[in-house]
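Read the structure below first, then the notes.
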Amino acid sequence: CGLLRLPSGPTVLFDTGTQSGYDVARNTLLPFLSARKLPTPRIAFVSHANTDHYNGLIELARRGMLRRVYLNAHFGEGSQFAGDRDARQFVELLRAHDIEIIRLGAGEVVDLDADTRVTVLWPSDTVTTSTEPNSRSLVLRVDTLGRSVLLPGDAQASVLEQLLAQPGAINADVLLLPHHGAWMGELPAFVETVNPQVVLQSTG
């Protein structure tokens, strides 16, 4: 889970979930927000349709906390991968609670406030529902107050190759390693091209 507090005050979530069955919202996120006296997130971005990237949002949706969720164009639309049914149920949950769903693709920009912009670098319009979910991940660059963070979701090697062709777009101060830091042959070149000051890895 990534949480950004905007310069204007609100909080925004980027991928919120776990593979463990642990209740992320009740046991970690909500107590953290309370302890830090942070406002409840109303907006969330979900990179792709693997439950460890969004199941922590289910409780927030049921409690009426979320107002808008950004997804990739094919989230919950397919029927050939193991997580497709769960993704459809998540989309249905959002709709049942009148949460706005916005689909994103490469080239689109979301201005979260006057100082914070999210630029979508992937997926391109060549990606379809037959593309495996990790390679449909939203790859986002967040720019705020002169700093930048690159969030590549679970982007696979073929996606990293595409991103390496646009070095200026992926250069960032902070990099969350793709696919939790799983090794790929393209990873060293990717990290070198991003040229971050800080690298985050979300697994051991």
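Going by a ≥ b ≥ c, the root eigenvalues of the Cα gyration tensor, does region 124-204 fall in the rounded group (a/c under 1.5), the prolate group (a/b larger than b/c) or the oblate group? The shape class here is prolate. For a test of the definition: using alpha carbon positions, the gyration tensor, and the 1.5 limit on a/c, classify region 1-111 as rounded, prolate or oblate. Oblate, since a/c reaches 1.5 and b/c is not below a/b. Think of a 1.4 Å ball rolled over the protein heavy atoms: region 24-130 then has 49 Å² of accessible area per residue.
In terms of its C-alpha gyration tensor, region 3-52 has an oblate overall shape, because the principal axis ratio a/c (a ≥ b ≥ c, square roots of the eigenvalues) is not below 1.5 and a/b does not outweigh b/c. Heavy-atom accessible area with a 1.4 Å probe sorts Trp122, Trp183, largest first, into Trp183, Trp122.
Sorting the segments 55-61, 188-194, 150-156, 110-116 by their mean number of nearby beta carbons within 10 angstrom, highest to lowest, gives 150-156, 55-61, 188-194, 110-116. Grab the other residues whose beta carbon is less than 13 angstrom from that of Tyr22, score K and R as +1, D and E as -1, and report the net. So the surrounding residues net to -2. Measuring only protein heavy atoms, the 1.4 Å probe finds Ser130 accessible over about 70 Å².
Restricting the calculation to Cα atoms, region 165-204 shows an Rg/Rh of 0.95 when the hydrodynamic-style radius is the Kirkwood one.
Summing +1 for each Lys or Arg and -1 for each Asp or Glu among the other residues whose beta-carbon sits under 14 angstrom from that of Met65 gives +3. Solvent exposure of Ile102, expressed as accessible area, is near 50 Å², computed with a probe of 1.4 Å over the protein chains only. Compared with the direct C-alpha span, the chain from Ala96 to Ser79 gains 4.0 nm at full extension, assuming 0.36 nm per residue. Here the scattering of region 65-145 is modelled by Debye summation over its C-alpha atoms, one equal scatterer each and no solvent; at q = 0.11, 0.16 Å⁻¹ the log10 of I(q)/I(0) is -0.32, -0.66.
Each label was represented as a point 7 Å from its Cα along the Cα-to-Cβ direction; for Glu132 and His180 these points are 1.5 nm apart.
Proximity of backbone amide H atoms, modeled 1.01 Å from N, is registered between Phe45 and Leu13, Phe14, Asp15, Tyr70 at under 5 Å, excluding neighbours fewer than 5 places apart on the same chain.
The HN-Hα couplings worked out from phi for region 167-184 by the Karplus form 6.51 cos²θ - 1.76 cosθ + 1.60 (θ = phi - 60°) are x, x, 6, 9, 4, 7, 6, 10, 10, 8, 4, x, 6, 6, x, 4, 6, 9 Hz, whole numbers, x standing for Gly and Pro. Each Lys and Arg adds +1 at its Cβ and each Asp and Glu adds -1 at its Cβ; summed about the Cα centre, the chain shows a dipole of about 760 debye. Taking every DSSP beta bridge that has both ends in the chain, the antiparallel portion is near 55%. How much net charge surrounds Ser202 when only other residues with a Cβ under 14 Å from its Cβ are counted (Lys, Arg +1; Asp, Glu -1)? Combined, the nearby Lys, Arg, Asp and Glu give -3. Projecting the Cα positions of Ser47, Val109, Pro7 onto the charge dipole of region 1-151 (unit charges on Cβ atoms of Lys, Arg, Asp and Glu, taken about the Cα centre) puts Pro7 furthest along the positive direction. For region 26-128, with all protein chains in place and a probe radius of 1.4 Å, 44% of the accessible heavy-atom surface sits on carbon or sulfur. Between Asp143 and Ala114, the contour length at 0.36 nm per residue exceeds the alpha carbon distance by 9.3 nm.
Under a model in which nothing but the beta-carbon of Lys, Arg (+1) and Asp, Glu (-1) is charged, region 52-97 shows a dipole of about 280 debye around its Cα centre.
The values are calculated or read from the model by the stated rules, or taken from the named source; none is laboratory data. Given the structure is predicted, the values throughout are model-derived calculations rather than measurements. All Cβ positions, even for glycine, are placed from backbone atoms using ideal geometry, and neighbour counts span all protein chains on display. What goes into the accessible areas is simple: the full protein's heavy atoms, side chains included, and nothing from ligands, DNA or RNA. Shrake-Rupley method; radii C 1.70, N 1.55, O 1.52, S 1.80 Å.
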